[in-house]
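K.L.:
After the structure tokens below, expect a handful of questions from me.
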Amino acid sequence: MPTEKQIAQGYDYAKELYAAKGVDIDAAMEKASKVAVSMHCWQADDVVGTDSDNGGASGGIATTGNYPGRARTGDEIRQDLNVALSLIPGKKKVNLHASYAELGGKKIDRDAYTIEQFMNWVDWAKDAKLGLDFNPTYFSHPYAEDGFTLASADKKIQDFWIEHGKRCREIGEEFAKRLGEQCAINFWMPDGYKDIPADTVAPRKRMIEALDAIFSAKKIDKCLVLDSLESKLFGLGVESYTVGSHELMMGYALSRGISYTLDAGHFHPTEMISAKISACLQYMDNILLHVSRGVRWDSDHVITWDDELQNIMNEIVRNDYTGRVCIALDYFDASINRVAAWVIGMRNAQKALLRAFVDPICAARKAESEMDYTTRLALLEENKTLPFSAVWDAYCAKQGVPTGDEWLCKVKEYEKDVLSKRG
Ligand code: RNT
Ligand code: ZN
């Protein structure tokens with residue numbers, strides 16, 4: 001890890017080189033520090049949740065691995081979050097699923113949740129000065145076992161899940177009011193068939209009806225709640241037909257004026273969500289991103305600082321979309337230390353965001369406007385070796401978080417003192 005002196009020297013060097021390209025790295029750091037990245041609570045415990053003994057995620061998503069130290073309670077999750085958050089620079093939010101309700105020994109089902117079951121989270125977020133995002137949980141529940149929730153042909157099941165959606169919007173509204181930050185609520189439903197359907201229309205009609213029932217139940221100020229709908233290509237055990245496909249969800253979101261969620265793992269492997277951002281935003285006010293990393297399929301690996309992550313952030317920053325795109329992470333790896341999984345992915349997201357703010361783009365855009373594509377390619381490639389690592393180190397130091405791999409020692413210490421002692 002760099003010394004204080006090296007960080008200062010690196011900063012001076014970078015400042016001069018970037019200034020020569022027309023970039024003020026101080027202004028870039030300031031701007032980057034205002035864009036929130038929402039950290040998903042579900043990396044803590046392999047998407048198990050705290051509201052029942054459901055045995056883990058269902059609905060076509062799966063964690064693999066059995067690394068010791070999984071958080072088992074709300075308190076343990078918050079304890080782990082505190083450690084992870086202290087090692088990540090930039091603005092952060094925390095993204096909760098409804099399955100992280102704390103029932104306090106009472107028997108309350110998901111169609112009856114209120115803010116009461118989330119007060120430990122609200123109090124914690126208030127102390128930590130964090131906004132909360134939210135997700136209804138349409139999986140890991142006996143009523144989701146048949147593979148259908150909002151699109152279920154069983155009225156009792158469909159109504160139960162409609163009610164859950166309504167309750168979640170009210171809980172999200174409370175989060176926003178109590179914490180003073182907008183709550184983005186992401187709706188993802190696993191509904192679909194393992195094998196070839198005979199009727200592809202009826203489930204889609206039922207999905208639309210159910211969504212209409214949820215969103216028309218209460219008008220909530222968009223400053224408080226941003227409703228967003230996530231599409232998917234397929235899931236494990238849901239290989240043949242997904243009700244909430246890209247076209248259905250985007251069409252719904254567009255026609256009802258709500259936000260659409262692009263998950264990086266939910267398209268064909270060569271289809272990149274970075275390429276979709278500027279297209280969606282021609283027609284929609286907002287989109288939400290689930291930044292994930294699919295390896296050959298929607299595997300939800302920890303995000304690395306790869307071309308796609310950088311391209312996503314470039315698109316948001318270069319097009320001035322920071323106010324219209326909510327950035328959230330969505331991955332879950334149980335084969336490595338879970339706190340480290342958070343820190344690696346979040347630091348990568350923040351790194352890519354900062355890099356997008358410092359990367360010079362004006363000259364390449366000018367060349368493009370003059371149809372000088374040679375210069376465009378040459379400049380974009382030369383920018384890649386500008387001393388960004390020095391800017392990143394200076395940013396981490398300024399934000400009071402570890403530089404280099406210094407954070408890893410803290411996680412290893414925490415593993416030794418706390419995580420390894422969990423049964
Ligand atoms: C599943 C979706 C969904 C979930 C989380 C836990 O494929 O990506 O967003 O991963 O809600
Ligand atoms: Zn997702």
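K.L.:
Anything in the range 72-91 that is buried (at least 17 other Cβ atoms within 10 Å of the Cβ) and within 17 Å of residue 103 (Cα to Cα)? List them, or say none.
P.N.:
Result: 74, 76, 77, 78.
K.L.:
While we're here: From the list 36, 71, 27, which residue is among the hydrophobic types (A, V, I, L, M, F, W, C) and within 22 Å of residue 290 (Cα to Cα)?
P.N.:
Going through 36, 71, 27 in turn, just one is among the hydrophobic types (A, V, I, L, M, F, W, C) and within 22 Å of residue 290 (Cα to Cα): 36.
K.L.:
Provide a single number: the residues in the range 89-143 that are of a type in the set (Val, Ile, Thr) and without any contact (Cβ under 8 Å) to a residue 40 or more places away in the chain.
P.N.:
Qualifying residue count for the region: 1.
K.L.:
Given the conditions (1) surrounded by fewer than 21 Cβ atoms within 10 Å (Cβ to Cβ); (2) within 14 Å of ligand 2 (Cβ to nearest atom); (3) not polar (S, T, N, Q), report the number of the one that residue 249 does not fulfil.
P.N.:
(1)
K.L.:
Still on this structure, please answer the following. Among the residues in the range 254-268, are any away from ligand 2 (no atom under 16 Å from the Cβ), more than 16 Å from the chain's Cα centre (by Cα), within 22 Å of residue 133 (Cβ to Cβ) and buried (at least 20 other Cβ atoms within 10 Å of the Cβ)?
P.N.:
Within the range 254-268, one or more residues are away from ligand 2 (no atom under 16 Å from the Cβ), more than 16 Å from the chain's Cα centre (by Cα), within 22 Å of residue 133 (Cβ to Cβ) and buried (at least 20 other Cβ atoms within 10 Å of the Cβ).
K.L.:
Turning to a different aspect of this structure: Tell me yes or no: at least one residue of the range 215-229 is part of a helix (DSSP H, G or I), out of contact with any strand residue (DSSP E or B) (no Cβ under 7 Å at 6 or more places or on another chain) and more than 14 Å from ligand 2 (Cβ to nearest atom).
P.N.:
Yes, the conditions are met somewhere in the range 215-229.
K.L.:
Okay, next question. Quick one: which of 287, 273 is closer than 24 Å to residue 342 by Cα, of a type in the set (Val, Ile, Thr) and within 13 Å of ligand 1 (Cβ to nearest atom)?
P.N.:
Only one candidate qualifies: 273.
K.L.:
When you go through (1) touching a Pro at 6+ places or on another chain (Cβ under 7 Å); (2) in contact (Cβ under 8 Å) with a residue 40 or more places away in the chain; (3) in a loop (DSSP other than H, G, I, E, B) one by one for residue 296, which number turns out not to apply?
P.N.:
The failed condition is (2).
K.L.:
Could you check how many residues of the range 126-140 are out of contact with any Pro (no Cβ under 7 Å at 6 or more places or on another chain) and not in a helix (DSSP H, G or I)?
P.N.:
Selection size over the range 126-140: 10.
Rule-based calculations on the coordinates, nothing more; no lab input. Here the structure is a predicted model, which is why all the values come from computation and not from measurement. Quick reminder, even Gly has a Cβ in these numbers, built from the backbone with ideal geometry, and neighbours come from all protein chains shown.
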